[in-house]
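> I'd like to ask some things about the structure below.
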Amino acid sequence: MKALVLALLLAAGAVHAQSQRWSAIDYYYKPEALGSLDGRIFSLESLRAGQPRPAGVLHFVHGEYGESAFSEASTWPVGEYTGLDGKEPADEKQHGAGECSAFQVEAGKGLDVGSAGWVMKTGCAPLSDDPAHRFVNMQANVAWAADQMPRPWQTPASRFGMEFSLKIPSAKMLAGAKGYATAQLQIHDGDGHFFWMQPTLFLAGFAPGAQSRDSTGLDQNIPYINPVYRSRGRYLSKFDNPVTHQVSHVTASRPWAQWHWYAFTVSSAQLLAAVTDLNAKGGKYSTDLSGYGISLIGVQTEINRQAVAPGKTPEGWIGVGLKQLYAYRLY
């Protein structure tokens with residue numbers, strides 16, 4: 001399903017899915033034409049220092065590469081890692097010399113509008129002496145300021161929905177490195193507290209069965225919940241369109257070359273379950289769901305190199321293609 005198709009279906013009549021009848025949809029984000037990366041690349045370091053994000057548009061973020069990285073045009077075939085073919089107008093920016101990490105966008109047409117990709121290589125980021133910095137991270141995000149945040153849970157019957165098409169045609173982990181891709185939601189409670197919900201899309205270098213378990217933890221002292229895709233999970237529901245019969249893919253542990261469609265919804269009851277579980281671990285999140293908003297959505301990849309064996313350096317790479325990102329409220 002593409003969200004445009006869903007909108008037409010909803011306009012024609014209510015769609016019944018997951019025991020919930022929806023008669024309307026409000027879009028928070030739709031794909032935009034991407035012909036240039038100028039003004040769209042930011043470092044995590046600069047954002048944490050207070051640099052503002054652009055509001056409501058797709059932009060790209062990198063961590064542990066340095067603030068001035070990704071300013072030069074690429075000199076090698078990035079599409080061999082991302083699976084994008086570089087249709088003009090397109091743009092690519094790389095980090096460092098040689099075949100290093102890079103971001104890529106292409107304007108696209110029709111269902112290919114808003115296509116983006118990146119390849120993330122640990123070889124471009126020296127292994128830090130501080131285990132807290134033994135990560136590399138690259139993201140595609142859409143963000144909103146506090147007074148502009150979507151607030152999808154103002155009624156008990158409404159759900160937040162997010163969908164996109166994704167491919168990870170190339171990925172490899174060596175010497176204990178662990179790689180992963182997740183969707184991203186930064187959720188605020190209206191009382192000054194927020195947490196991450198990050199549905200897992202891809203895992204590499206993990207023990208068997210990791211893709212079937214929800215996980216929780218802290219990232220930069222901010223709580224996160226990483227739910228897996230289930231028809232009706234505790235924190236989200238895999239969205240399978242009963243009209244178009246399009247079925248959302250689930251967490252994978254091997255790369256794939258074709259586009260996979262991912263979609264999920266988060267109901268008020270599922271948001272309350274997340275809040276309840278976080279508060280049981282010492283959180284102070286409000287239980288008034290009408291005040292909750294979303295300040296950021298996106299897709300991220302990360303490689304964890306904390307496990308260093310004697311005489312070995314954890315290394316790896318992940319190549320990603322992303323298109324047709326939508327965010328909306330169903331009610």
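> Which of the residues spanning the range 215-228 are modelled with pLDDT under 90 and assigned to a loop (DSSP other than H, G, I, E, B)?
The answer is Gln220, Asn221, Val228.
> Any residue in the range 293-314 that is charged (D, E, K, R), part of a loop (DSSP other than H, G, I, E, B) and over 21 Å from Gln139 (Cβ atoms)?
Yes, that holds for at least one residue.
> Pick from Thr251, Thr313, Thr265: which is under 27 Å from Glu64 (Cα atoms), hydroxyl-bearing (Ser, Thr, Tyr) and either at pLDDT 95 or above or in contact with a helix residue (DSSP H, G or I) (Cβ under 8 Å, 6 or more places away or on another chain) (or both)?
Details: Thr313 fails: either at pLDDT 95 or above or in contact with a helix residue (DSSP H, G or I) (Cβ under 8 Å, 6 or more places away or on another chain) (or both); Thr265 fails: under 27 Å from Glu64 (Cα atoms).
The match here is Thr251.
> Among the residues of the range 95-124, which ones are hydrophobic (A, V, I, L, M, F, W, C) and either at pLDDT 90 or above or out of contact with any Lys or Arg (no Cβ under 9 Å at 6 or more places or on another chain) (or both)?
The answer is Ala97, Ala102, Phe103, Val105, Ala116, Trp118, Val119, Met120, Cys124.
> Let me ask something additional. Would you mind stating whether Phe160 is in contact with a Leu (Cβ under 7 Å, 6 or more places away or on another chain) and surrounded by 24 or more Cβ atoms within 10 Å (Cβ to Cβ)?
no
> Tell me, please, whether a residue that is part of a loop (DSSP other than H, G, I, E, B), among the polar types (S, T, N, Q) and out of contact with any strand residue (DSSP E or B) (no Cβ under 7 Å at 6 or more places or on another chain) can be found in the range 201-212.
No, there is no match, as no residue in the range 201-212 is part of a loop (DSSP other than H, G, I, E, B), among the polar types (S, T, N, Q) and out of contact with any strand residue (DSSP E or B) (no Cβ under 7 Å at 6 or more places or on another chain).
> What residue, among those in the range 1-51 that are among the β-branched types (Val, Ile, Thr) and within 18 Å of Glu163 (Cβ to Cβ), is modelled with the highest pLDDT?
Within the range 1-51, the match that is modelled with the highest pLDDT is Ile25.
> Which of the residues spanning the range 257-281 are more than 20 Å from Met197 (Cα to Cα) and in contact with a strand residue (DSSP E or B) (Cβ under 6 Å, 6 or more places away or on another chain)? Explain how you work it out, then say what you get.
Narrowing the range 257-281 to residues more than 20 Å from Met197 (Cα to Cα): 257-260.
If the condition is that a residue be more than 20 Å from Met197 (Cα to Cα) and in contact with a strand residue (DSSP E or B) (Cβ under 6 Å, 6 or more places away or on another chain), then Ala257, Trp259, His260 are the ones that fit.
> Only one residue in Ser237, Ser248, Ser268, Ser295 is under 19 Å from Gln184 (Cα atoms), crowded, with 21+ Cβ neighbours inside 10 Å and among the small types (Gly, Ala, Ser). Which one?
Values: Ser248 fails: crowded, with 21+ Cβ neighbours inside 10 Å; Ser268 fails: crowded, with 21+ Cβ neighbours inside 10 Å; Ser295 fails: crowded, with 21+ Cβ neighbours inside 10 Å.
Testing whether each residue is under 19 Å from Gln184 (Cα atoms), crowded, with 21+ Cβ neighbours inside 10 Å and among the small types (Gly, Ala, Ser) leaves just Ser237.
The values are calculated or read from the model by the stated rules, or taken from the named source; none is laboratory data. Bear in mind the structure is a predicted one, so any value in this text is a computation, not a measurement. Methodologically, a virtual Cβ is constructed for each residue, glycine included, from the backbone with ideal geometry; neighbour enumeration extends over all protein chains shown.
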